[in-house]
1. Collect the residues in the range 221-236 that are surrounded by fewer than 19 Cβ atoms within 10 Å (Cβ to Cβ) and either at positive phi or touching a residue at least 60 places away in the same chain (Cβ under 8 Å) (or both), keeping them in residue-number order.
2. Let me confirm something: among Arg211, Arg173, Arg239, which residue is crowded, with 16+ Cβ neighbours inside 10 Å and not hydrophobic (A, V, I, L, M, F, W, C)?
3. In the range 114-133, what residues are in contact with a Lys or Arg (Cβ under 8 Å, 6 or more places away or on another chain), modelled with pLDDT under 90 and of a type outside the set (Ser, Thr, Tyr)?
4. So the check is Cβ under 7 Å with 6+ separation or different chains; which pairs have a first residue in the range 8-33 that's over 20 Å from Leu102 (Cα atoms) and a second one that's surrounded by fewer than 12 Cβ atoms within 10 Å (Cβ to Cβ) and modelled with pLDDT of 85 or more?
5. Can you tell me which residue among Val198, Val214, Val186 is touching a strand residue (DSSP E or B) at 6+ places or on another chain (Cβ under 8 Å), assigned to a helix (DSSP H, G or I) and not assigned by TED's automatic domain parsing to the domain that holds Arg65?
6. Of all residues in the range 217-257 being assigned to a helix (DSSP H, G or I) and hydroxyl-bearing (Ser, Thr, Tyr), which is nearest to Asn178 (Cα to Cα)?
7. Would you mind finding the one in Glu100, Glu128 that is farther than 28 Å from Ile14 by Cα and acidic (Asp, Glu)?
Amino acid sequence: MFHRITATEDLGAISAGSQPKRFVKGDDCRKYVAKWPYDAAGASHGGICSKELFNELCASILAERVGVPVPEFALLTVPEGLVASIAGLCFGSLYMDNYEALPDGSHIASAIEEYDGATVYLLFAFDELLRNPDRKPGDILTMARGGRPRRFLAIDHGNAFTGSHWDSAHLLRSSQGNATDDSRWVFRGLNDKSLAAVAADRIVHAAADVREAVNEAAAASGLADVDRASAHAFLEIRRDAMVSLTLAAVAKAAETI
């Protein structure tokens, strides 16, 4: 269950990435990264009935359930007048001090000995469950200081479910096959089929009932009933094929060294 937070103070824009984001202070006195969804025309807005907001919420709920490390998250309400020209609902991710994004051009397999390998493969398999094509280095935050294994957090799931503007018919047509977008090269070089299979099996069992996560995220984002049903069916199909999808994906990752 995620928190519902009201933003009380605008703490400024965030320059990193292409998505409109701002730091805000919540009514719980904590600092959040507020991420506004794009509409189909590419304009940023706040408000319900957004596939991207659903994607972020559903992915984060499922991540917690299967054990993929993500920052604490919330459904943020931004009151009128707090941020110029933007108000309504958006996805909020708790600001994590002492974490930094992987550098552009890096891939996690080249330094996998610094991390818990099982968790790296769990994230890899999790992206296959969601058919998330958008796992760039900047979407993995690593602890800047500390011992080994280094902790990391996965962020930015707005393009899960094949993308941020999916429709129900396309989603069901895309329920088979791997998330093979070029941006997934952050995983290139992963080649341990045993760890991949264990990660996939863990997701199969931890995500045995995906309906609750879909329903919770759909209700919060205003997703239409037909889209809710499609998202549920999509996840069930991919979960049931999790092992074969993940092994096929790791074979492709190993080839891209």
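The values are calculated or read from the model by the stated rules, or taken from the named source; none is laboratory data. Nothing here was measured: the structure is a model prediction, and the numbers come from that model. Cβ placement follows ideal geometry from the backbone for every residue including glycine, while neighbour counts extend to all protein chains displayed.
1. Gly222, Ala224, Ala229, Ala233 - these are the residues of the range 221-236 that are surrounded by fewer than 19 Cβ atoms within 10 Å (Cβ to Cβ) and either at positive phi or touching a residue at least 60 places away in the same chain (Cβ under 8 Å) (or both).
2. Within the list Arg211, Arg173, Arg239, the selection yields Arg239.
3. Within the range 114-133, Glu114, Pro133 meet the criteria.
4. Pairs found: Arg22/Gly12; Arg22/Ala13; Phe23/Gly12.
5. Answer to the check: Val186.
6. Among those that are assigned to a helix (DSSP H, G or I) and hydroxyl-bearing (Ser, Thr, Tyr), it is Thr246.
7. Just a single option satisfies the conditions, and that option is Glu128.
Table: residues versus (1) part of a helix (DSSP H, G or I); (2) out of contact with any Phe, Trp or Tyr (no Cβ under 7 Å at 6 or more places or on another chain); (3) at pLDDT 95 or above.
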position: Ala59; (1), (2), (3): yes, yes, yes
position: Pro79; (1), (2), (3): no, yes, no
position: Leu82; (1), (2), (3): no, yes, no
position: Gly105; (1), (2), (3): no, yes, no
position: Ala111; (1), (2), (3): yes, yes, no
